[in-house]
Structures are given as C-alpha cells and as structure tokens.
Amino acid sequence: MTQTRRDPDTLHVVIIGNGVAGVTAARHIRKGSAAAITIISSESDYFYSRTALMYIYMGHMTFEQTKPYEDRFWEKNRIDLLRDHVTHIDADAKQLRLASGDSFGYDVLILATGSQPNKFGWPGQDLHGVQGLYSLQDLQRMEQYTRNIGEAVVVGGGLIGIEMAEMMHSRRIDVTFLVREESYWNNVLPPDESAMINRHILSHDIRLHLSTELEEILPDSRGRVRAVKTKTGEEIPCAFVGLTAGVHPNIGVCEGSPVTTGRGILINRYFETNIPDIYAIGDCAEFISENGTRGRIEQLWYTARMHGESVAGVILGRRAEYDRGILFNSAKFFDLEYQTYGDVPSDVRDEDSLYWEHPDGTRCIRIVMRDGVVTGFNLIGMRYRHQVCERWIHEERPLTYVLEHLGEANFDPEFSHQFEDRLIGQWNERHPDQAVHRVRRRGLRRLGTSAYRHIRENATS
Ligand SMILES: Cc1cc2nc3c(=O)[nH]c(=O)nc-3n(C[C@H](O)[C@H](O)[C@H](O)COP(=O)(O)OP(=O)(O)OC[C@H]3O[C@@H](n4cnc5c(N)ncnc54)[C@H](O)[C@@H]3O)c2cc1C
C-alpha cells in the first residue's frame with residue numbers, strides 16, 4: 001500500500017464520484033495545493049445533497065436548491081467536472097476507461113463511488129414500477145411510476161423506507177410498509193424508541209405490516225407491477241413497489257482491476273487501497289479489520305465528509321490515521337426528529353440506561369452508561385446540542401454529572417426544563433441514595449421523589 005510521494009502541486013488527482021465524499025476531498029486538496037483536479041460522475045453534472053431527494057419529490061425544494069455550491073464555484077476553484085461513467089481502471093498504466101470510449105490518465109485516483117440499493121433476487125424485482133431510491137435517476141423514475149397511482153408498497157424498514165412512505169403519503173397514495181423485523185428499525189433502536197416510531201407510522205395512516213417478508217412481486221399483463229405477495233401468502237394490490245432493504249457499497253468500478261474488495265473497497269486507516277496511489281472513501285470503502293472480522297463500512301453523510309477531508313490530508317502529505325470520533329447521526333421519522341450520539345445499542349439493558357418518555361408518546365430521552373459513565377444519547381422529538389453531548393461522552397462524565405448539567409445541552413432551555421426535571425425526578429425516585437440536583441444559573445434545585453410524582457401527575461402535552 002506504499003503510495004508515491006510527490007509534490008502535490010504537480011499531481012493530477014482524479015476522483016470518481018461527485019457525492020459528498022469526493023467533493024469534500026476535491027475542496028480540501030484545492031485548499032492545500034495547486035494540483036490539477038478532475039471529478040468524474042455518471043449521475044449528475046453537479047454535486048447535490050442526496051439526503052434532500054425526498055424534499056424535491058414532496059415539493060419542499062427544487063433540485064437547484066439542493067446544490068450546496070453555485071455552478072460557477074467549480075471553475076473558480078479550478079476543479080474540472082466530467083460527466084461520464086468509468087468502466088475500467090488500468091492501474092499499471094494509470095488510465096481510466098470511460099463509457100464514452102475515451103481514456104483518462106491520473107497520478108492519484110480517489111474512488112468515491114457510493115452505494116447501491118440492495119435487491120435480494122425477489123421474483124418480479126425488475127418489473128416496471130419497482131425500484132429503490134438512491135440517485136437522481138431513481139427520483140425521476142419514482143416521479144413517473146407514482147403519477148396518479150392509488151396504492152404503493154414499501155419493502156424494508158430502514159431510514160429510506162420510512163422516507164419513501166412519507167414521500168408517497170404526501171401525495172395521498174395509500175402506502176403499505178412491509179417490515180421483516182417485529183418492530184421498526186429494531187436492529188438500531190432500543191425497543192421503546194422503536195415502538196414509538198411504530199405508533200408514529202401508524203398515526204400517519206401508513207399500513208405498517210411488521211414481521212412480514214416479501215415473497216414475490218406480481219406483474220400485470222403489460223409487465224407492470226400489480227401486487228406483492230408476502231411469505232404468508234397475502235396479496236397486496238399496488239401500482240408501485242419501493243425496495244428499501246438497505247444498501248451495499250458500489251464497487252463495480254474495481255471489477256477487472258487489481259484493487260482488492262470485500263463487501264466494499266478495502267482500505268487501511270489512511271484510505272489507501274492495496275494499489276499505490278489509489279484511495280477509496282465514503283460509502284464504497286471498507287476498513288480492513290484488524291482481527292479478521294467483517295470490516296467497518298460507514299454509510300453516513302457526515303462520515304463521508306470526514307473521509308474526504310482526511311484523504312485530502314493524506315494526499316497533501318499530512319498522513320494522519322482516520323479517527324471517526326464519537327458516532328453521531330440524525331434523521332426524521334415524518335415530523336419526529338431523531339438524534340443519536342455515541343453508543344446506544346439496540347439491546348441496551350434497563351440497568352444501563354435512563355429512559356424517559358413524554359406522556360404524549362412522541363418525545364423521549366435515553367441516556368446510556370457503562371459503569372456509571374455516560375456513553376450515549378438517543379433523542380426523539382427534541383434536540384440536544386451535539387457539541388455538549390459529545391464533550392460529555394469524551395470526558396467520560398458520570399450520569400449524575402450529566403443529569404445535573406443537562407440544561408447545557410438544551411437549545412431551548414425555557415421549553416425543555418420541564419423535561420429535564422422529569423428525567424432527574426425519575427432518576428431520584430429510583431435512586432434516592434444518589435439523588436441529583438439540576439445545576440441552574442441561580443443556584444441548585446433538588447427534585448425529590450414527591451416533586452417527581454407531582455410533575456408526573458401534572459404532566460401535560
Ligand atoms: C434517500 C437517501 C437519504 C439519506 N439520508 C441520510 C441522512 O439523513 N443522514 C445520513 O447520514 N445519510 C443519509 N443518506 C446516506 C448518505 O447520503 C450517503 O452516506 C452519502 O451520500 C455517501 O456519499 P458518497 O460521496 O460516499 O457517495 P454518493 O453520494 O453515493 O456518490 C457517489 C457517486 O459516484 C457515482 N459513481 C459511481 N460509480 C461511478 C463510475 N464508475 N463512474 C462515474 N461515476 C460513478 C455515483 O453515480 C454517485 O453519483 C441517505 C441516502 C439516501 C439515498
């Protein structure tokens with residue numbers, strides 16, 4: 001994996017993929033050098049925010065508004081953009097073969113080719129009206145397939161599945177949501193949070209079918225989808241099927257090249273592949289595991305951005321090991337915001353976490369600890385400051401300290417104080433021997449068990 005050491009200013013860096021990983025790498029290489037930079041993408045002329053695809057469909061944003069940079073940014077920053085598909089990497093000659101028939105040379109190559117939706121060989125998965133949601137082209141197809149339809153089915157209970165359900169719900173299409181697990185996203189969310197989202201999905205009139213697996217997708221006489229059949233034999237009529245059973249790294253570009261792949265393109269902690277001067281970043285990359293287990297793949301917007309910045313540092317000669325730091329993610333389940341910081345296992349034990357849920361069932365806080373030290377937060381229906389939560393986890397603060405200072409994490413202290421008091425009251429009721437006091441600007445306030453009872457009895461929405 002030795003990489004050629006050359007003056008970065010003299011290099012031609014070619015990046016395959018104009019997603020957030022590739023574009024961030026280009027921006028940081030430009031900041032630190034005069035290298036020639038080319039980004040090749042077969043999807044779009046310009047970088048856009050993939051996470052905003054749903055808002056285009058729902059009419060909240062135009063495509064133009066999803067572009068983080070104006071079109072003139074690229075020329076101004078001397079970053080060349082090429083719309084083409086790379087079909088082959090000739091690593092010996094340092095040449096790329098393009099679908100247009102051209103060849104393209106590079107000194108340093110960054111693979112930032114993203115992910116692809118999973119398909120599991122279901123009969124009918126390639127019918128008209130059946131698709132995943134990943135690219136602009138997928139969005140265009142979805143526009144076309146869902147025009148004037150009445151019923152749709154979404155298969156697969158992750159974040160993109162619930163987005164697709166919300167998208168079609170916004171157009172008054174009846175959606176049936178098939179989830180293989182017994183509760184929504186329960187491989188990530190602990191049971192309480194997962195149950196909250198089940199209820200929320202149902203409250204939006206989505207027909208949520210838990211513990212339900214797809215058997216096949218049935219065609220009409222014109223080769224369009226007319227229904228899905230589940231493993232229990234139930235037939236659900238529909239004119240569109242969204243396949244959202246996860247994604248996998250898009251590694252097709254490595255076929256026929258010496259770049260080694262596993263589930264993703266294999267890299268070390270400097271984003272180096274096995275071939276000198278070829279790097280991989282973002283969703284397509286898989287970190288080689290040190291103990292022979294499955295390597296880590298990070299398929300998140302912010303990690304892709306971190307990869308881009310880190311690989312730029314390596315190429316510019318600041319060779320530092322990548323450290324993702326404390327995990328962070330956020331999403332929306334319809335109108336419910338979700339944030340997670342640090343480590344919140346889906347099977348967290350009751351004794352390892354403090355969970356409080358608002359009586360209206362649409363807001364909750366979970367604080368996870370290990371040996372009394374806070375290691376993670378889950379928040380639904382409310383938000384805490386990223387930096388503060390991250391700092392507490394990093395500083396290995398005890399739960400009692402975090403409870404006392406919870407106000408610091410608030411965006412809206414006036415609104416949220418009542419929730420902190422309830423959480424603290426819950427703790428104090430269960431652990432009267434370790435009762436805590438919330439630190440306020442003007443002194444301390446103790447919330448004993450009777451105070452908690454009072455708050456609980458008077459809880460309003
Ligand atoms: C609908 C949706 C919603 C999401 N929401 C969230 C969210 O809320 N939070 C979050 O953290 N993450 C979210 N994600 C995931 C997040 O968008 C990805 O982790 C991130 O975009 C990955 O960036 P990337 O640069 O690695 O790859 P991509 O953004 O996938 O970019 C790769 C690009 O490379 C192009 N390409 C691939 N092969 C070739 C080739 N051979 N030649 C030329 N071009 C090629 C592809 O067409 C693509 O344009 C979401 C994803 C989707 C699809």
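Read-outs throughout are calculated quantities, based only on the coordinates presented, and are distinct from any laboratory measurement. Keep in mind it's a predicted model, so treat the numbers as computed, not measured. Cβ atoms come from the backbone with ideal geometry, glycine included; neighbour counts cover every protein chain shown.
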Could you give the angle, 0 to 90 degrees to the nearest 10, between helix 191-203's Cα long axis and the longest principal axis of the Cα atoms of the chain?
80 degrees
Selected from I89, I110, P398, residue furthest toward positive end of dipole (the chain; charges at beta carbon)
P398
Each label sits 7 Å from Cα toward the beta-carbon; between L136 and R180 the label points are separated, in nm, by 3.2 nm
About its Cα centre, how strong a charge dipole does the chain have in debye, to the nearest 20, once Lys and Arg get +1 and Asp and Glu get -1 at the Cβ?
840 debye
Suppose each label sits 7 Å from its Cα in the direction of the beta carbon; what would the I149-R224 distance come out to in nanometres?
0.9 nm
Between the DSSP loop rule and a limit of at most 16 other Cβ atoms within 10 Å, which trypsin sites (Lys or Arg not before Pro) in region 270-334 are left?
R294, R296, R318, R319, R324
Candidate lysines - alpha carbon under 28 Å from K94, same-chain residues fewer than 8 apart omitted:
K31, K76
Region 309-377: which GluC sites (Glu not before Pro) are DSSP loop and have at most 12 other beta-carbon atoms within 10 angstrom?
E321
Kindly provide the helix-only [θ] at 222 nm of the chain, computed as the sum of -39,500 (n - 2.57) over DSSP H runs of four or more divided by all residues, to the nearest 500 deg cm²/dmol?
-7500 deg cm²/dmol
Excluding residues fewer than 8 positions from K119 in its own chain, the lysines with Cα under 28 Å of it are K229, K231, K332
Add +1 for every Lys or Arg and -1 for every Asp or Glu among the other residues with Cβ under 14 Å from the Cβ of V13, and state the total.
+1
Evaluate the charge dipole of region 202-276 about its Cα centre and quote only its size in Debye, nearest 20, assuming +1 on the Cβ of each Lys and Arg and -1 on the Cβ of each Asp and Glu.
100 debye
Say R0 is 60 Å: what FRET efficiency, to the nearest 0.05, do I288 and R430 get from their beta-carbon distance?
0.85
How far is it, in nm, from the label point at E337 to the one at L202 when both lie 7 Å from their Cα along the line to the Cβ?
2.7 nm
With a Förster radius of 45 Å, plug the Cβ-Cβ distance of T87 and R370 into 1/(1 + (r/R0)^6) and report the FRET value to the nearest 0.05.
0.40
Provide the FRET efficiency to the nearest 0.05 for the T10-D71 pair, computing r from the beta carbons and using R0 = 30 Å.
0.60
In the neighborhood of T24, defined by Cβ-to-Cβ distances under 9 Å, what is the net charge if each Lys or Arg adds +1 and each Asp or Glu adds -1?
+1
How big is the charge dipole of region 66-118 about its Cα centre, in debye rounded to the nearest 20, if each Lys and Arg gets +1 on its Cβ and each Asp and Glu gets -1 on its Cβ?
180 debye
Length added when fully stretched, R383-R349, from 0.36 nm per residue minus Cα-Cα:
9.9 nm
How much length, in nm to one decimal, is gained on full extension between T260 and E396, taken as 0.36 nm per residue of separation minus their Cα-Cα distance?
45.1 nm
Going toward the positive end of the dipole of the chain, with +1 on Lys and Arg Cβ and -1 on Asp and Glu Cβ, which of V259, S41, A26 do you reach last?
A26
If the reach is capped at under 12 angstrom between alpha carbons, list the aspartates and glutamates near K67, excluding any in the same chain fewer than eight residues apart.
D45
